[in-house]
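Some notes on the structure that comes next.
What follows is calculated from the coordinates using simple rules that are stated; it is not laboratory data. From a predicted model like this one, the values you see are computed outputs, not experimental measurements.
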Amino acid sequence: MKMMSARLIVYLLLCICGDLVAAETAPTSSGVLTFNIDPANSTVQFTLGALLHTVHGTFRIKSGAVRFDPNSGKASGQISVDVRSGNTGEGTRDRQMHANILESERFPDAVFSPDRSNGRLASSGASDVEVHGLLRIHGRDHEMTIPVRVQMQNASLTARAKFTVPYVSWGMRDPSTFVLQVAKSVDVDVTLVGR
């Protein structure tokens with residue numbers, strides 16, 4: 001009798017654990033997919049054209065989670081970039097960038113909040129979609145539609161996007177001088193890795 005009870009308990013535990021695992025991996029009843037961004041494996045690179053040479057730099061992703069409904073195209077969530085992490089590899093230039101252009105102590109974060117997407121997201125392999133939302137940077141919101149190449153493999157996602165930020169027309173200071181002419185916009189290249 002004890003042997004039968006022990007087997008029954010083990011069987012019930014296996015059934016319960018199996019149901020819990022299935023519930024964890026199943027899509028939500030609404031079909032909404034949630035991707036949590038891995039900041040350690042995600043990158044933001046930028047390129048700024050200048051008269052004498054091109055400036056390259058990086059920012060760090062702070063956090064991010066995006067929810068996406070493949071049926072309606074609706075999206076939500078936020079991807080936050082640490083503006084204070086901006087680095088071009090040249091100390092004097094970086095200090096000027098943070099103090100006079102980005103004002104990163106006053107505006108420490110840049111946040112993209114998606115609201116919808118266009119294009120079909122394949123459950124496996126590569127997809128090209130356009131993501132619309134608001135980019136809050138330097139204290140202002142800017143509407144953007146960003147082309148994104150998404151690579152899905154199992155439960156992992158890699159999203160790559162390239163876009164231009166017209167920082168001067170968005171209210172940031174133009175660092176150009178009589179001698180040094182700098183582009184009025186910066187090219188941004190983002191790679192996000194998530195699950």
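Structure above, values below:
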| read-out | value |
| --- | --- |
| Length released on extending from Ser156 to Asn118, taking residue separation times 0.36 nm less the Cα-Cα span | 11.6 nm |
| Reachable aspartates and glutamates from Lys162, criterion Cα separation under 15 angstrom, eight or more residues apart if same chain | Asp128, Glu130, Asp187, Asp189 |
| Relative contact order (%) - criterion: Cα under 8 Å, at least six apart; region: the range 58-131 | 30 percent |
| Extension gain (nm, one decimal) between Val179 and His56, 0.36 nm per residue minus Cα-Cα | 42.3 nm |
| J(HN,Hα) series, the range 124-137, from Karplus relation 6.51 cos²θ - 1.76 cosθ + 1.60, nearest Hz, glycine and proline x | 8, x, 9, 9, 10, 10, 10, 10, 9, x, 10, 9, 9, 9 |
